[in-house]
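One structure below.
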Amino acid sequence: MQLRKHAPSGALLVSLLALPQLASAFYLPGVAPTSYKQDDAVPLYVNAIRPVGDADSILHSVLSWDYYHPMFQFCAPEGGGQPVGESLGSILFGDRIKTSAFELKMKHNETCKKQCEVTYGKNAAQFINQQIQEGVSLNWLVDGLPAGQKTVDVLSDTEFTNPGFLLGEQLDDGRIKFNNHYDIIIEYHEVNGNNGQYRVVGVIVQPESRKYTGEIGPDTCNTAPDIVELSETGDTKVRFTYSVYWIESTTAWATRWDKYLHVYDPKIQWFSLINSSVIVVFLVLTVMSILVRALKKDIARYNRLDQINLDDLSGTSVLEDGVQEDSGWKLVHGDVFRNPSHPLLLSVFLGNGTQLFVMTGFTIVFALLGFLSPSNRGSLGTIMVLLYTVLGFVGGYTSARMYKSLQGEKWKLNIILTPLLVPGIVFTIFFLLDLFLWAEESSGAVPFTTMLVLIFIWFLISVPLSFAGSWLAFRAPAIEPPVRTNQIPRQIPPVTTYLRPIPSMLLVGLLPFGAIFVELYFIMTSIWFSRIYYMFGFLFLCYGLMIITCAAVTVLLVYFLLCAENYNWQWRAFLAAGTSGGYIFLNALIYWVTKLSLSGFAGSVLYIGYSALISFLFFILTGTIGYFASWLFVRKIYSSIKID
């Protein structure tokens, strides 16, 4: 849709509100469709076993397990389950895809087919019963589609497919049943214009607990009324079976993911988006009314003062036309561009923040346009790593450019620290948390070889690109301030309470956090409860609202600081805007208390550690947005007045 030049502004608003639907309307599949002939083998892959919460939507663990973990003893193919090739992002997000012992053939039904017989000891029974109580789910993949269960959303009365299915269930009478039979229902459709070619468009698994006593035959599964309970005092023999049913469907291959992409109560997201938009519009109008009117008046007054011949005023303190002596932000024109404390650290943060800002923007846009389809597993994580790596040039250039403008002298240290400090902190925390996963034998632990790949990408691609950007920036001329800086610093008078560091940081950081609060809840839920997040249209708008809010409130704070004759605005702007990251961490702690009930120490450490890591990156991101908005604002206003 193209808007003509004379189109009303409301058309732009309509197009923006339509963005959340673009991801589904402009669907770009991540993989090419696979067609099968009748009786062709259709592979069923197994993935990591993940917690999804209990019946009350309370998560008890954040640890995932390998499908062939010795405690589970699931039936494996000859030679064991072999790993299936995965992307870097898929591995980082915890996917551990392997082959299975299930035999599926296109349009070939199977009834009560025996897999294997397993004997569970008391230790294995205790472990599995605990996992069932914590609500872990099995995750299978058929033709790239996650096997799931049909669920009805009571709020919107809509049916959708929830990926994964439960390992077992705790009954109302306290008994714990273990699922050992699976009804696999596969939906398929015939390729148009190509008879005899079929494609998979849906996978549903209905797990059952059936205690077999005799020989297993085609009708045995329907005549086993008792459930399987794993004894924690002795051995329990369990026989695994499965049935396969092929059902023809009218669902097109290109839209087969639609049944998985479900929004829990979209009215909340729309209400939040509209509410945030109203707040942002009100905030921006307030900032514009205060700054534009006040600055226009101030600049006119200051420039008029410079044209008055003070020698003709006969020593009076009141100037012609009742114009008073200089006051407010012009008084600090000789100090406003004075170098802040720790310019090296500030420039390094700004370089990495710019890198994160551009990476986040590109990632959201790619996801919004459908390039990061959920059918291409791990594509989101892969593109984020690759973008951050390639954008090392942008980070190095920005850091060196700002450090040179701040008249920093340790340029070699700036070049080294820009690609190493913030990524080093992130990698160190990530590695330490990974040690907890290794200690717990969780499948979520990133393999050592993948760690080496990350280090390889970091030092052989990102670091050289950052060095190249820094080298170009230091060769470029320095960014000169619009006014000269005095040799002697001006004394800063006491400020009111709300302009002190802590109160101002808390006030400024709250508003950008409020712009993304609701969307952050859905993101957190999708991460910890293993749900598919796809509402990148909402995320795109929330990200834009957060940028505008962050810039507006930080500029307002800097203006008030300068009017109070406080010229130390650089770190104040960065820290105040970055406080949004602190609010995200506080929100994560509240989420931990209300939605999680983690049973082990390792789970709590992992949750808090990953939340702190995300909050730190958000601190760098929003701090950079606030700083550059304030930097442009300060340069603009001081270049508009005449200074003798």
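Being open to solvent by 20 Å² or more (accessible area, probe 1.4 Å) and part of a loop (DSSP other than H, G, I, E, B) is the filter; apply it to region 392-419 and report the residue that is nearest to Ile455 (Cα to Cα).
Here the residue is Lys410.
Being open to solvent by 10 Å² or more (accessible area, probe 1.4 Å), in contact with a Lys or Arg (Cβ under 8 Å, 6 or more places away or on another chain) and aromatic (Phe, Trp, Tyr) is true for just one of Tyr567, Tyr591, Tyr559, Tyr610. Which residue is that? If you could, list the steps in order and put the result at the bottom.
On the way: Tyr591 fails: in contact with a Lys or Arg (Cβ under 8 Å, 6 or more places away or on another chain); Tyr559 fails: in contact with a Lys or Arg (Cβ under 8 Å, 6 or more places away or on another chain); Tyr610 fails: in contact with a Lys or Arg (Cβ under 8 Å, 6 or more places away or on another chain).
Of Tyr567, Tyr591, Tyr559, Tyr610, the one residue that is open to solvent by 10 Å² or more (accessible area, probe 1.4 Å), in contact with a Lys or Arg (Cβ under 8 Å, 6 or more places away or on another chain) and aromatic (Phe, Trp, Tyr) is Tyr567.
Which condition number in (1) buried (at least 20 other Cβ atoms within 10 Å of the Cβ); (2) more than 24 Å from Leu63 (Cα to Cα); (3) in contact with a helix residue (DSSP H, G or I) (Cβ under 6 Å, 6 or more places away or on another chain) is the one that Phe628 fails?
(3)
Given the structure, is Thr624 in a helix (DSSP H, G or I), more than 15 Å from the chain's Cα centre (by Cα) and of a type in the set (S, T, N, Q)?
So Thr624 passes the test.
Cβ contacts < 9 Å: first residue within 28 Å of Ile274 (Cβ to Cβ), restricted to region 495-522; second residue among the charged types (D, E, K, R) and open to solvent by 70 Å² or more (accessible area, probe 1.4 Å), any location; separation 6+ or different chain. Result?
Phe522/Arg531
Within region 493-508, restricting attention to residues that are in a helix (DSSP H, G or I) and aliphatic (A, V, I, L, M), which residue is nearest to Asp335 (Cα to Cα)? Give the derivation first.
We begin by selecting, within region 493-508, every residue in a helix (DSSP H, G or I); these are 497-499, 501-508.
Then drop every residue that is not aliphatic (A, V, I, L, M), which leaves 499, 502, 505-508.
On the way: Leu499: 19, Ile502: 23, Met505: 22, Leu506: 26, Leu507: 26, Val508: 24 Å.
Restricting to residues being in a helix (DSSP H, G or I) and aliphatic (A, V, I, L, M), the top hit is Leu499.
Are there any pairs, at least 6 apart or on different chains, whose C-beta atoms fall under 9 Å, with the first in region 526-548 and within 30 Å of Ala48 (Cα to Cα) and in a helix (DSSP H, G or I) and the second open to solvent by 30 Å² or more (accessible area, probe 1.4 Å) and among the charged types (D, E, K, R), and if so, which?
Partner pairs satisfying both residue conditions: Trp528/Lys595.
Take the conditions out of contact with any Cys (no Cβ under 7 Å at 6 or more places or on another chain), of a type in the set (Lys, Arg) and assigned to a loop (DSSP other than H, G, I, E, B) and apply them to Lys259. Does it pass? Steps first, answer last, please.
Values: out of contact with any Cys (no Cβ under 7 Å at 6 or more places or on another chain): yes; of a type in the set (Lys, Arg): yes; assigned to a loop (DSSP other than H, G, I, E, B): yes.
It is true that Lys259 is out of contact with any Cys (no Cβ under 7 Å at 6 or more places or on another chain), of a type in the set (Lys, Arg) and assigned to a loop (DSSP other than H, G, I, E, B).
Do you know which residues across region 161-172 are part of a strand (DSSP E or B) and either within 26 Å of Ser249 (Cβ to Cβ) or in contact with a helix residue (DSSP H, G or I) (Cβ under 6 Å, 6 or more places away or on another chain) (or both)?
Thr161, Asn162, Pro163, Phe165, Leu166, Gly168, Gln170
Do you know which residues across region 457-477 are closer than 22 Å to Asn339 by Cβ and exposed (fewer than 13 other Cβ atoms within 10 Å of the Cβ)?
Result: Arg475, Ala476, Pro477.
Results for (1) closer than 18 Å to Glu248 by Cα; (2) touching a Pro at 6+ places or on another chain (Cβ under 9 Å); (3) of a type outside the set (A, V, I, L, M); (4) not in a strand (DSSP E or B), shown as yes or no for each residue.
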{"position": "Asn123", "(1), (2), (3), (4)": "no, no, yes, yes"}
{"position": "Gln130", "(1), (2), (3), (4)": "no, no, yes, yes"}
{"position": "Glu159", "(1), (2), (3), (4)": "no, no, yes, no"}
{"position": "Gly174", "(1), (2), (3), (4)": "no, no, yes, yes"}
{"position": "Tyr182", "(1), (2), (3), (4)": "no, yes, yes, no"}
{"position": "Glu187", "(1), (2), (3), (4)": "yes, no, yes, no"}
{"position": "Gly196", "(1), (2), (3), (4)": "yes, no, yes, yes"}
{"position": "Pro207", "(1), (2), (3), (4)": "no, no, yes, no"}
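Go through region 562-574 and report how many residues are closer than 25 Å to Tyr403 by Cα, assigned to a helix (DSSP H, G or I), touching a residue at least 60 places away in the same chain (Cβ under 8 Å) and touching a helix residue (DSSP H, G or I) at 6+ places or on another chain (Cβ under 6 Å).
Total meeting the criteria: 2.
Identify, please: which residue in region 424-456 is more than 15 Å from Ile614 (Cα to Cα) and among the aromatic types (Phe, Trp, Tyr) and is, among those, least open to solvent (accessible area, probe 1.4 Å)?
Applying the filter and picking the extreme gives Phe436.
If you check Asn47 against the conditions, is it at pLDDT 90 or above, open to solvent by less than 40 Å² (accessible area, probe 1.4 Å), out of contact with any helix residue (DSSP H, G or I) (no Cβ under 7 Å at 6 or more places or on another chain) and more than 23 Å from Val228 (Cα to Cα)?
Yes; evaluated as a whole, the condition is true for this residue.
Select from region 88-131 the residues that are more than 35 Å from the chain's Cα centre (by Cα), open to solvent by 30 Å² or more (accessible area, probe 1.4 Å) and β-branched (Val, Ile, Thr) and list them in ascending order.
Matches in region 88-131: Thr111, Thr119.
Identify, please: which residue in region 74-87 is among the hydrophobic types (A, V, I, L, M, F, W, C) and under 27 Å from Ile527 (Cβ atoms) and is, among those, most open to solvent (accessible area, probe 1.4 Å)? Give the derivation first.
First, pick out the residues of region 74-87 that are among the hydrophobic types (A, V, I, L, M, F, W, C): 74-76, 84.
If we keep only those that are under 27 Å from Ile527 (Cβ atoms) as well, we get 74, 84.
Details: Phe74: 17, Val84: 37 Å².
Top of the filtered list is Val84.
Where the second residue is open to solvent by less than 80 Å² (accessible area, probe 1.4 Å) and among the basic types (Lys, Arg) and the first is in contact (Cβ under 8 Å) with a residue 12 or more places away in the chain and lies in region 82-94, which pairs have Cβ atoms under 6 Å and are six or more apart or on separate chains?
Final answer for the pair search is Pro83/Lys98; Ser90/Arg377.
What single numbered condition from (1) at pLDDT below 90; (2) open to solvent by 40 Å² or more (accessible area, probe 1.4 Å); (3) in contact with a Ser or Thr (Cβ under 7 Å, 6 or more places away or on another chain) fails to hold for Phe585?
Status for Phe585: all satisfied but (1).
Out of (1) open to solvent by less than 20 Å² (accessible area, probe 1.4 Å); (2) modelled with pLDDT of 95 or more; (3) of a type in the set (Ser, Thr, Tyr), the odd one out for Thr363 is which?
(2)
The values are calculated or read from the model by the stated rules, or taken from the named source; none is laboratory data. Because the structure is a prediction, the values reported are computed rather than measured. Counting neighbours? That spans all protein chains shown, and the Cβs are built from the backbone with ideal geometry, glycine included. Heads up: the accessible areas ignore ligands, DNA and RNA and are worked out on the full protein's heavy atoms, side chains in. Shrake-Rupley method; radii C 1.70, N 1.55, O 1.52, S 1.80 Å.
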